[in-house]
Amino acid sequence: MVVRRPPGRRAQILAVAADRFHRSGYHQVSMTEVAAGVGITAPALYRHFRGKPELLDRAVRLGLDALAEGLRAARTTADLGTALAAVAVGHRPLGTLVQRDARLLPPARRAALRRELRADVALMTAVLRAERPELADDDAELLCWSALSACAGLSYQSAAPQPRRAEALLREMVAAVLAVPLDGAVPLGSAATGSVGVPMTQPVTRPAPEARPRARREELLAAAVRLFHQRGFDNVSTDQLGAAVGISGPSVYRHFDSKAELLAASLVRSRERLWHEVDGAIVAAAGPGAALEAGLGAYVGFALRNGDYLGAMLSETERLAPPDRRAAVDFRRDFLRTWVGLLRQVHPGYDAATARIRVHALFALVNDGVRNRPHSARPDLGDCLLRLGRAVLGVPGEGAP
């Protein structure tokens with residue numbers, strides 16, 4: 001007797017795997033869990049896919065194929081917004097899988113993924129420059145990468161939004177981002193002001209050289225954040241951590257009982273600094289509008305100086321022990337709640353769902369912007385991110401269209 005497999009079984013498996021990876025993180029999901037979500041046994045799952053790496057690869061490729069198909073058909077920037085919004089809603093886990101989990105793919109697949117994304121941005125850039133021929137190539141590319149990141153921010157929402165409303169809002173944000181003027185953007189330093197002329201509570205600056213030697217523990221915390229972000233927790237040894245600060249691997253244990261404790265401590269220290277800088281800027285401002293502008297400047301400034309932390313927070317939180325992971329998730333929720341509440345004070349017409357989508361878009365846009373080479377090396381990146389941030393939040397600044 002021939003046993004026929006149900007039609008669409010592979011697609012069903014990929015949808016379940018993508019959702020599980022998105023919600024729990026790649027390392028926390030087993031093949032048995034994916035099989036149970038589909039209603040089959042683990043051995044039956046292996047008849048379709050050889051293992052988790054192939055599942056992750058195929059789930060990412062499925063979303064990217066849909067994105068490329070939509071972008072190839074785009075002839076206007078409005079079409080770009082439609083394509084990006086449709087994929088962001090229809091393949092909501094894609095942003096998380098690309099930004100957090102794709103680093104776990106084999107090197108050849110990671111390289112292919114980067115090529116595919118660059119090709120997608122090239123398609124977008126050609127459409128954008130046809131409508132805005134005054135844009136320099138690097139400015140047009142930055143706008144397109146930013147639109148892509150803003151839509152990927154939807155992936156970080158804990159609850160699925162209403163699809164039609166979400167697509168409409170994303171189309172609006174993409175249009176706003178692609179219309180941002182970048183001419184006249186300037187490097188922002190210690191005496192910088194925002195493009196609306198408001199002095200920054202936390203100046204948007206690049207990292208300054210250390211004025212004095214730091215304690216060994218602090219050096220380890222900084223090195224851990226950098227290495228965990230660049231290579232992933234599982235790919236960093238204590239010997240590498242020690243070498244980064246000039247000590248032996250076993251000497252790391254004089255300061256931390258385990259690599260996991262070092263990861264937890266490094267993320268705690270970084271998020272304390274994030275909260276201190278951003279909340280301090282918001283509290284010190286007079287009125288909701290000024291507070292939102294000051295908070296935006298502080299967040300961009302922190303991101304420029306601490307891109308490794310933002311990357312490690314995104315990719316390595318799932319590697320924390322359960323109590324530490326809960327603390328990290330609670331911080332994210334509180335941080336998001338602060339921004340959503342502030343944005344709704346500035347825009348009373350925004351409901352909570354709208355404000356959340358816009359704030360997630362802001363975080364994704366800035367977090368990607370400071371880590372996306374070659375644009376991350378732009379001396380005027382801080383000013384550019386401020387303008388783009390205002391666009392996704394719906395807060396027009398000087399020179400806004």
Q) Hey, any hits in segment 96-103 for a residue that's modelled with pLDDT of 95 or more and open to solvent by less than 40 Å² (accessible area, probe 1.4 Å)? A) no
(Q) Exactly one condition in (1) surrounded by 13 or more Cβ atoms within 10 Å (Cβ to Cβ); (2) more than 21 Å from ASN372 (Cβ to Cβ); (3) under 21 Å from the mean Cα position of the chain (by Cα) is false for ARG23; which is it? (A) (1)
Q.
So, SER266, is that one under 23 Å from GLN99 (Cβ atoms) and of a type outside the set (Val, Ile, Thr) or not?
A. yes
Q. For ARG92, are the conditions met, namely being in contact with a Ser or Thr (Cβ under 8 Å, 6 or more places away or on another chain) and in contact (Cβ under 8 Å) with a residue 24 or more places away in the chain?
A. yes
Q) Quick check: anything in segment 139-147 modelled with pLDDT of 95 or more, within 30 Å of PHE233 (Cβ to Cβ) and not aliphatic (A, V, I, L, M)? A) yes
Q. Can you tell which of LEU182, LEU113, LEU142 is hydrophobic (A, V, I, L, M, F, W, C) and either touching a strand residue (DSSP E or B) at 6+ places or on another chain (Cβ under 8 Å) or outside any helix (DSSP H, G or I) (or both)?
A. LEU182
(Q) VAL204 - would you say it is in a loop (DSSP other than H, G, I, E, B), surrounded by 15 or more Cβ atoms within 10 Å (Cβ to Cβ) and modelled with pLDDT under 50? (A) yes
Q: Just give me the residues in segment 104-136 being among the basic types (Lys, Arg) and either within 20 Å of the chain's Cα centre (by Cα) or open to solvent by less than 70 Å² (accessible area, probe 1.4 Å) (or both), in sequence order.
A: ARG109, ARG110, ARG114, ARG115, ARG118, ARG132
Q) Can you spot a residue in segment 48-71 that is open to solvent by 40 Å² or more (accessible area, probe 1.4 Å), hydrophobic (A, V, I, L, M, F, W, C) and in a helix (DSSP H, G or I)? A) yes
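The values are calculated or read from the model by the stated rules, or taken from the named source; none is laboratory data. Only a predicted model underlies this, so the values are computations on that prediction, with no experimental measurement involved. Using ideal geometry, Cβ is built from the backbone for each residue, glycine included, and neighbour counts are taken over all protein chains shown. Areas reflect the complete protein model, heavy atoms only, side chains present, ligands, DNA and RNA absent. Shrake-Rupley method; radii C 1.70, N 1.55, O 1.52, S 1.80 Å.
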